[in-house]
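The values are calculated or read from the model by the stated rules, or taken from the named source; none is laboratory data. Note that this is a predicted model, so its numbers are computed, not measured. Counting neighbours? That spans all protein chains shown, and the Cβs are built from the backbone with ideal geometry, glycine included.
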Amino acid sequence: MKFIYPFFKWANNTWVATTINDSKWIFPALEGVHIVALALLLGAIFVLNLRLMGVVMPSRSLPRLARELQPWTLCSLIIILVTGALLFASEAMKSFSSTPFRLKMVLLFTALVFHYTITRRMTLKEELQLPPMLVKAAAVIAITLWVSVGFAGRAIGFF
């Protein structure tokens with residue numbers, strides 16, 4: 001991991017990090033926006049995946065629901081990534097040695113790839129050609145990944 005150390009050191013010494021660290025309110029404000037965006041994202045993810053499992057809105061068109069939730073998902077992801085990058089910059093050196101931070105990054109990458117590949121393919125057609133148990137398993141995996149991202153992020157403050 002030493003090869004990424006210079007990046008963490010650079011991020012920690014940027015004017016953005018200094019500005020955030022010198023302010024009493026910027027970090028908590030960023031964290032608040034980050035958490036609200038995460039709640040919006042999780043809401044959209046839960047609705048979509050619970051619909052995939054047939055738990056909610058079984059008569060609702062799956063492709064239509066996915067299209068309606070897509071702007072909420074994308075906007076909340078953009079907000080999460082921007083505020084997350086700013087929060088990271090303000091604590092880059094702490095993040096370098098943080099196991100929960102590393103776990104969160106791996107889970108976030110995995111959740112993003114899973115959402116934009118597997119979940120997206122499953123929501124393109126009304127009638128799925130896959131066994132129902134496989135679809136339900138994929139939905140459970142998606143929900144578990146995103147909730148794990150949130151828990152790992154919360155753990156950053158404690159470890």
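Of everything in the range 92-110 that's free of Cβ contacts under 8 Å to residues at least 12 places away in the same chain and not hydrophobic (A, V, I, L, M, F, W, C), which residue is farthest from residue 19 (Cα to Cα)? Before the answer, list the steps.
Kept after step one, since they are free of Cβ contacts under 8 Å to residues at least 12 places away in the same chain, are these residues of the range 92-110: 94, 97, 102, 105-106, 109.
Those left that are additionally not hydrophobic (A, V, I, L, M, F, W, C): 94, 97, 102.
On the way: 94: 17, 97: 22, 102: 24 Å.
Out of the qualifying residues, it is 102.
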Quiz prompt | Filter result for the condition that a residue is in a helix (DSSP H, G or I), more than 16 Å from residue 111 (Cβ to Cβ), out of contact with any helix residue (DSSP H, G or I) (no Cβ under 6 Å at 6 or more places or on another chain) and among the basic types (Lys, Arg), over 67, 51, 60 | solution = 67
Quiz item: Pick from the range 73-104 the residues that are hydrophobic (A, V, I, L, M, F, W, C) and surrounded by fewer than 17 Cβ atoms within 10 Å (Cβ to Cβ): which of them is nearest to residue 49 (Cα to Cα)?
Solution: 74
Practice problem: Scan (1) surrounded by 15 or more Cβ atoms within 10 Å (Cβ to Cβ); (2) over 30 Å from residue 130 (Cα atoms); (3) of a type in the set (Val, Ile, Thr) for the single condition residue 45 breaks and write down its number. | Solution: (2)
Quiz item: Within the set of pairs 6+ apart or on separate chains, which have a first residue in the range 32-59 that is touching a residue at least 12 places away in the same chain (Cβ under 8 Å) and at negative phi, a second that is surrounded by fewer than 16 Cβ atoms within 10 Å (Cβ to Cβ) and hydroxyl-bearing (Ser, Thr, Tyr), and C-beta atoms under 7 Å apart?
Solution: none
Practice problem: Assess whether residue 3 counts as being of a type in the set (Phe, Trp, Tyr) and at pLDDT 95 or above. | Solution: no
Quiz item: Filtering the range 129-159 down to residues that are free of Cβ contacts under 8 Å to residues at least 60 places away in the same chain and in a loop (DSSP other than H, G, I, E, B), which residue is farthest from residue 67 (Cα to Cα)?
Solution: 158
